[in-house]
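Just so you know, all these numbers are worked out from the coordinates, no wet-lab data involved. Note that the structure is a prediction, hence the values are computed from the model and not measured. Because the Cβ atoms are built from the backbone with ideal geometry, glycine has one as well, and the counts that use them run over all protein chains shown.
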There are 2 protein chains.
Amino acid sequence: MRVAELSRRTGVSVASIKYYLREGLLPPGERTSPNQASYGEDHVRRLRLVRALIDVGGLSVVGTRDVLAAIDDDGVSLHQALGRAQDAVMARVEPTPSDDAAERAEKTVAELVARRGWAVTHGNPGRRAAVDVLATLERLGGERVAGLLDVYAEAMEAVARHEVTAVVDPGDRERSVERVAVGIVLGGALVAALRGMAEESASARLLAPGPAAAEDPG
Amino acid sequence: MRVAELSRRTGVSVASIKYYLREGLLPPGERTSPNQASYGEDHVRRLRLVRALIDVGGLSVVGTRDVLAAIDDDGVSLHQALGRAQDAVMARVEPTPSDDAAERAEKTVAELVARRGWAVTHGNPGRRAAVDVLATLERLGGERVAGLLDVYAEAMEAVARHEVTAVVDPGDRERSVERVAVGIVLGGALVAALRGMAEESASARLLAPGPAAAEDPG
DNA sequence: CCGTTCGGATAGTTCTACTCTCCATTCATG
DNA sequence: CATGAATGGAGAGTAGAACTATCCGAACGG
């Protein structure tokens, strides 16, 4: 098929498809003549994946390209692909000011990791983000939230265990890696969404003015 | 104190402080003369809160302003403030295409809500996001992740219950509301961070090439 | 044959979050 | 009280991200 049909099938404008081709998110079509190309079902699939990662997962175009590159690279293992997907999702962790609060947060996280027996590298983006959040909470006086660290950890441990086992499959490597990436990115969105629902529910039960409290909080 | 000191104490440039004043994220200082103003500790606190919500929580400037407006508005209850904070965090849920997948996702979420006995309004942003993710997963063939819905729900129910109870406090309303907002926003960042750590750990145990699998996945 | 579509490249647009520049005060220091 | 730095306020400018529009000459297709 040609660009117009690819656009129709996916709902992505021709201009955007050209942009994604330029940026390397979509492989070029098979050339049928010096300036004509044809696209297949793989392109439809890939384009849908791109839009899912960007629109639903909230990845940047560059982050999406990095994830797709990991999927396409046969030398990248499942474990490594998971790391790449995490890097793309958490691409917002800059050098923390490194003060007292940051040091204490670092220690708190290290203790949590030891307590739970987690195998987490020092450079894990989630780890850096956790330190950042805890240090920020201390600076703001949010000790009540920070005190729930073990609750969060316990919940996320269960989630991660199920996610990783659900996604493992010793079949087609490329599909497996793709599933890992989709799982990391969209799983994160799903976690956030369900947390939002659970929060409203808990809030309605515990905070709403009375038993007739069905006010729309939006 | 004057701007320069406020800037020094918070690490925010004078230009940015002026910008936040213009955008209504920071209340104007107390005027000491027609064109001179003085700022207090409240401004320092507020400015730190602004940076936390933007830098760590990932909110937009507009979203931050909405959250702060809810905190400052005495007519906003804790339950309502929680809703405002959620709106700000999930400000990326546009009209879904509304096809078969979306309808099935809607039904799946409704069943989940009924199954768990959650009190969730139809307009909850998390609910819309959940429908969006599930519909996207179906379109991509990510049934393995979608099948973990109850695992996610169970984990998030525990998280939300603890968060809401930890944050409730029948004291100073404004501080309480602020704590709710901080809890929603930074709690979300903490959940994502810990999930990242737990994923790497689970992946290292289940997917890594062998027992010597201490490779840095970054 | 000739109007439409194509691939490819360059330039332009929109949005966000600042950042810079002015300017007429006002402060602070000698 | 002179004078240089800082202030508040407003407007314009900037950088990056993600498109979007316009051209172009070649190819397709009825």
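Summary of values
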{"quantity": "7 Å along Cα→Cβ, label-point gaps from A:Arg31 to other copies, nm, shortest first", "calculated": "6.9"}
{"quantity": "Axis-proximal residue, chain B, for the rotation superposing B on A (Cβ, Å)", "calculated": "B:Ala155, 2"}
{"quantity": "Residues A:Asp87, B:Asp73, sorted so that the one with the fewest Cβ neighbours within 10 Å comes first", "calculated": "B:Asp73, A:Asp87"}
{"quantity": "For B:Ala37, distant residues with modelled amide H under 5 Å away", "calculated": "B:Thr32"}
{"quantity": "Pairwise label distance in nanometres, A:Arg22 with A:Asp74, each label 7 Å out on the Cα-Cβ vector", "calculated": "3.2"}
{"quantity": "Among A:Leu190, A:Leu207, A:Leu47: highest mean-square fluctuation, GNM of chain A, C-alpha pairs under 10 Å", "calculated": "A:Leu207"}
{"quantity": "Inter-chain Cβ neighbour average for residues B:174-187, partner chain, 10 Å", "calculated": "4"}
{"quantity": "Inter-copy separations for A:Ala119, label at 7 Å along Cα-Cβ, nm, ascending", "calculated": "4.4"}
{"quantity": "Per-residue average of Cβ from other chains inside 10 Å of A:52-61", "calculated": "3"}
{"quantity": "When the convex hull of its Cα atoms is projected in every direction, mean area for segment A:3-56 (nm²)", "calculated": "3.5"}
{"quantity": "Relative exposure of B:Ile17, A:Ile71, A:Ile54, judged by other C-beta atoms within 10 Å (fewest first)", "calculated": "A:Ile54, B:Ile17, A:Ile71"}
{"quantity": "Isotropic mean projected area of the C-alpha convex hull, the protein assembly as shown (nm²)", "calculated": "23.9"}
{"quantity": "Other protein chain Cβ atoms within 10 Å, averaged over every residue that makes up A:42-48", "calculated": "1"}
{"quantity": "Gyration tensor verdict on chain A (Cα atoms; rounded if a/c is under 1.5, prolate if a/b is larger than b/c, oblate otherwise)", "calculated": "prolate"}
{"quantity": "B:Glu111/A:Ala114 FRET efficiency (R0 51 Å; Cβ-Cβ; nearest 0.05)", "calculated": "0.80"}
{"quantity": "Residue-by-residue Karplus 3J(HN,Hα) for segment A:13-26, coefficients 6.51, -1.76, 1.60, Hz, glycine and proline x", "calculated": "5, 4, 4, 5, 4, 4, 4, 5, 4, 4, 7, x, 7, 10"}
{"quantity": "Cross-link partners of A:Lys107 among aspartates and glutamates (Cα-Cα below 17 Å; sequence separation of 8 or more within a chain)", "calculated": "A:Asp99, A:Asp132, A:Glu138, A:Glu143, A:Asp150"}
{"quantity": "Highest-fluctuation residue, B:Met156, B:Met197, B:Met90 considered, GNM on chain B with Cα pairs under 10 Å", "calculated": "B:Met197"}
{"quantity": "In sequence order, calculated HN-Hα J values of segment A:73-78 (Karplus, 6.51, -1.76, 1.60; Hz; x Gly/Pro)", "calculated": "8, 5, x, 9, 7, 4"}
{"quantity": "Relative contact order, percent, chain A [alpha-carbon distance under 8 Å, six or more residues apart]", "calculated": "18"}
{"quantity": "Sorted by Cβ density within 10 Å, fewest first, the residues B:Tyr39, A:Tyr19", "calculated": "A:Tyr19, B:Tyr39"}
{"quantity": "Inter-label distance, nm, simple model (7 Å from Cα along the C-beta direction), B:Thr165/A:Glu5", "calculated": "6.0"}
{"quantity": "Along each principal axis, Cα extent of segment B:17-125, largest first, Å", "calculated": "63, 27, 22"}
{"quantity": "Cα long-axis angle, helix A:61-72 against chain A (0 to 90 degrees, to the nearest 10)", "calculated": "70"}
{"quantity": "Label point distance in nm, B:Val61-A:Gln36, each placed 7 Å from Cα along Cα→Cβ", "calculated": "5.0"}
{"quantity": "Set of lysines near B:Lys18 by C-alpha distance (under 20 Å), chain-local residues within fewer than 8 positions excluded", "calculated": "none"}
{"quantity": "Nm distances between copies for B:Met1, ranked from closest, using label points 7 Å along Cα→Cβ", "calculated": "6.0"}
{"quantity": "J(HN,Hα) series, segment A:185-195, from Karplus relation 6.51 cos²θ - 1.76 cosθ + 1.60, nearest Hz, glycine and proline x", "calculated": "6, 6, x, x, 5, 5, 4, 5, 5, 5, 4"}
{"quantity": "Environment charge of B:Leu6, counting only residues whose C-beta is closer than 14 Å and scoring Lys/Arg +1, Asp/Glu -1", "calculated": "+4"}
{"quantity": "Principal axis box of segment B:89-206, alpha-carbon based, largest edge first, Å", "calculated": "48, 40, 27"}
{"quantity": "Paramagnetic reach from B:Val14 in segment B:42-64 [backbone N under 13 Å; point 7 Å along Cα→Cβ]", "calculated": "none"}
